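Below you'll find the structure, written out as structure tokens, and then a few comments.
The values are calculated or read from the model by the stated rules, or taken from the named source; none is laboratory data. Values in this document were obtained by computation on a predicted structure and should not be read as measured data. FYI the Cβ positions are ideal-geometry reconstructions off the backbone, even for glycines, and counts take in every protein chain you see.
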């Protein structure tokens, strides 16, 4: 089934992305410490490999959203956090606490349920309501501009607002790519730009959404946002946004209670893996996986 391929490439996408982030973080961490000449030689290699992997994500996006709806592709995004957790523990020798373990288990359960229910549910013809699509895009632009402007000026809820908006843009990126590839392959989509095809411009616009999502996370961190709050907001909206977006713009789209319940489990798991992380101001007892 094509939905299975969409799930598989969604898993590849999140594993590659989180591995890339872990390696970039590792490279920076090594670079910031005084090491021997031999270990200093690892600095650029670890970071460069992570940076290179990070730039392959668009490939998995394009392939994955070709086979399945963006909601399916994005639903397994939380799995990457587990790889990040394992890398941090076994490579960077960081501790793992009980909430993180519980969160990892919830993410595994939730993503397995999502995959199961999307596979057994019959796939209907996907026709897009472009009136709803453009109205929704306009509402998002206005709403996000107001929220970001408010948070920027007042410095209120920076982590939550920047994380939520960036995550929504990241999830919307997948939806836009899925729309652009609905009736064309990758080469035809780019050729369609010269033929002034709407789907081709929507596909190109997806890169802009993804870019702004990335930039907003960096701005949020620069303005002092706590990663333990911004990251779960980003990941949660990255998963939820495509589901809601497609529900509003696809004619006849429905959302089963089973899928809703599965997504709630994933989001709880995401928060469990981030919100209880030990910080200098919030020390917590941790256990180490041996």
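If you take the residues in segment 233-290 that are in contact with a strand residue (DSSP E or B) (Cβ under 8 Å, 6 or more places away or on another chain) and surrounded by 12 or more Cβ atoms within 10 Å (Cβ to Cβ), which one is modelled with the highest pLDDT?
Among those residues, the one meeting the criterion is 249.
May I ask you to verify whether residue 252 is touching a residue at least 60 places away in the same chain (Cβ under 8 Å), within 23 Å of residue 127 (Cβ to Cβ) and not in a helix (DSSP H, G or I)?
Yes, satisfied.
When you go through (1) over 15 Å from the mean Cα position of the chain (by Cα); (2) crowded, with 16+ Cβ neighbours inside 10 Å; (3) at pLDDT 85 or above one by one for residue 26, which number turns out not to apply?
With (1) over 15 Å from the mean Cα position of the chain (by Cα); (2) crowded, with 16+ Cβ neighbours inside 10 Å; (3) at pLDDT 85 or above applied to residue 26, the lone miss is (3).
Test each condition in (1) modelled with pLDDT under 90; (2) part of a helix (DSSP H, G or I); (3) not assigned by TED's automatic domain parsing to the domain that holds residue 205 for residue 93 and report the one that comes out false.
Just one mismatch for residue 93, condition (2).
This table checks each residue for (1) over 23 Å from residue 266 (Cα atoms); (2) in contact (Cβ under 8 Å) with a residue 24 or more places away in the chain.
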{"position": "94", "(1), (2)": "yes, no"}
{"position": "98", "(1), (2)": "no, yes"}
{"position": "104", "(1), (2)": "no, yes"}
{"position": "120", "(1), (2)": "no, no"}
{"position": "139", "(1), (2)": "yes, no"}
{"position": "149", "(1), (2)": "yes, no"}
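Does residue 142 fit the bill of being over 20 Å from the mean Cα position of the chain (by Cα) and over 24 Å from residue 14 (Cβ atoms)?
yes
Are there helices (runs of 4 or more DSSP H) fully within segment 96-192 with at least 1 residues that are over 20 Å from residue 204 (Cβ atoms) and assigned by TED's automatic domain parsing to the domain that holds residue 72? List them.
Passing ranges, in order: 98-120.
Looking at segment 221-228, can you tell me whether even one residue there is in the same structural domain as residue 131 (by TED's automatic domain parsing), under 14 Å from residue 172 (Cα atoms) and either buried (at least 22 other Cβ atoms within 10 Å of the Cβ) or without any contact (Cβ under 8 Å) to a residue 24 or more places away in the chain (or both)?
Within segment 221-228 (the criterion being in the same structural domain as residue 131 (by TED's automatic domain parsing), under 14 Å from residue 172 (Cα atoms) and either buried (at least 22 other Cβ atoms within 10 Å of the Cβ) or without any contact (Cβ under 8 Å) to a residue 24 or more places away in the chain (or both)), the answer is no, since none of the residues qualifies.
Here is a list: 181, 198, 169. Which entry is under 24 Å from residue 73 (Cβ atoms) and modelled with pLDDT of 90 or more?
When all the criteria are applied, what remains is 169.
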